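Everything on this sheet refers to the single structure shown next.
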Amino acid sequence: MEPLADRKEFVEDLKKQWKTLWRERVDDRVRAEAIADKNYDLLFVERGTVIFATRKFKMLSLREILQLHGVIDVERAIGPHPSVGGWGKFIKTTIVPQQRSRNGKRVRRYFEFEEKEKQQLKKGGRGWLHIV
């Protein structure tokens, strides 16, 4: 088993290649495809490979590529899928509800404003239209 530092560097190199793959791709607007512009050995992608298409296409997955390389702790290397939730969802579901309640009482979120006295309606409440 390779040392932890080497695995971390390997995953960082793989992530860099992943980012450059998507940043430097060639977009074919006629066929609605994205094509790799050069070879990416760590990602198993060759130049000219379609990396994104609109129809009948299996999307590349960084998680699957890491598993093919034998990285055990894939969840630590990349965050969870956005539908599962990450730090933002954790903060919304765990931390924010704790901050709302203090001393066992619910904190008011909105202030109550006094209602202002309503002004007299123009044209006796009939509106702005000039109807004879």
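Bear in mind these aren't lab numbers, they're just calculated from the coordinates by the rules spelled out. What you see is a predicted model; the values in this text were computed from it and never measured. Glycine also receives a Cβ, built like all others from the backbone with ideal geometry; neighbour counts cover every protein chain displayed.
A few comments on the model shown:
- Summarising the label geometry, the points placed 7 Å from Cα in the beta-carbon direction at I35 and Q67 lie 3.0 nm from one another.
- Multiplying the residue separation of K15 and Q120 by 0.36 nm and removing their Cα-Cα distance gives an extension gain of 31.2 nm.
- Between V74 and E46, the simple label model (points 7 Å from Cα in the Cβ direction) yields a spacing of 2.4 nm.
- Cross-link table K8/K58; K58/K89; K16/K38; K92/K116, entries beyond 24 Å C-alpha to C-alpha: K8/K58; K58/K89; K92/K116
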